[in-house]
């Protein structure tokens, strides 16, 4: 019976997960006529792809929990079946107990437990089936979002090639970076190039997904501590845009301020530094 509470919690969590399925996105039939319009469309689709990846990551973790719950219930039911099989005959039980009513009561209790655990196992299997559907929907959303993002990138590349600022746009497309930073981290980076999330994920290992504002809740399931005090090497999360903003804490100063490095604060693909004082930005917190 120790699985009942855990299964009820899993059932509630499943309802929350299924409700977050991402609707597929499609690329526009004709791209915008300007570089600004093409990049705006690309920005929108990059954020949709980040959200779809975050949903898929949560679905994968939830499905793993379902499989663990089902395996635990199977183990308990198997153990109960072995115990019942190894029990002595009814005559021996009656002799040892001294009372037929006591023996029948014990058998009835065991049968009740077995029925309850079997019912829980059936419910766990149904929960896993529902979460498998949600996981497949999330995977399909990631595929659709990536296809739309790639199509929009082709439109943006064409718009850039035809724009008056062709030289600067081509430098951005070729991943030109400031000389002070080599633009590479020692771990995989699954965020879109040129944005604040991509930059910070090169400075710190970031296993989760989502837009910058989503990092605050998404880091906790991976065991990352969070707080309100800046530390060197921490990730600052703010509400400085509709999608949020993240930056890397380079230094904590004696006057209570802290210095961060970041990308896409002054402009896309632009790295800068700034010193921030308490209350100066809409701070969410720091991921350590």
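All of the numbers you see were taken from the coordinates with simple rules; none came from a lab. Bear in mind the structure is a predicted one, so any value in this text is a computation, not a measurement. Backbone-built Cβ (ideal geometry, glycine too); neighbour counts: all protein chains shown.
Return 55, 197, 259 ranked ascending by Cβ neighbour count within 10 Å, so the fewest neighbours appear first.
Sorted ascending by nearby Cβ count, the order is 259, 55, 197.
What whole-number distance in Å separates the alpha-carbon centres of segment 263-279 and segment 46-76?
Using only Cα atoms to place each centre, the spacing works out to 35 Å.
What is the extension gain from residue 130 to residue 118, computed as 0.36 nm multiplied by their sequence separation minus the C-alpha to C-alpha distance, in nm to one decimal? All intermediate terms of the calculation are to be shown ahead of the outcome.
Numbers: separation 12, 0.36 × 12 = 4.32 nm, distance 1.87 nm.
The span from residue 130 to residue 118 would gain 2.5 nm if fully extended.
Return 263, 236 ranked ascending by Cβ neighbour count within 10 Å, so the fewest neighbours appear first. Can you show the working numbers first?
Numbers: 263 29, 236 23.
Neighbour counts put them in this order, fewest first: 236, 263.
Please compute P(r) over all alpha-carbon pairs of segment 178-288, binned at 5 Å starting from zero, and give each bin as a whole-number percent.
Pair shares across the bins are 2, 13, 24, 28, 20, 11, 2, 0.
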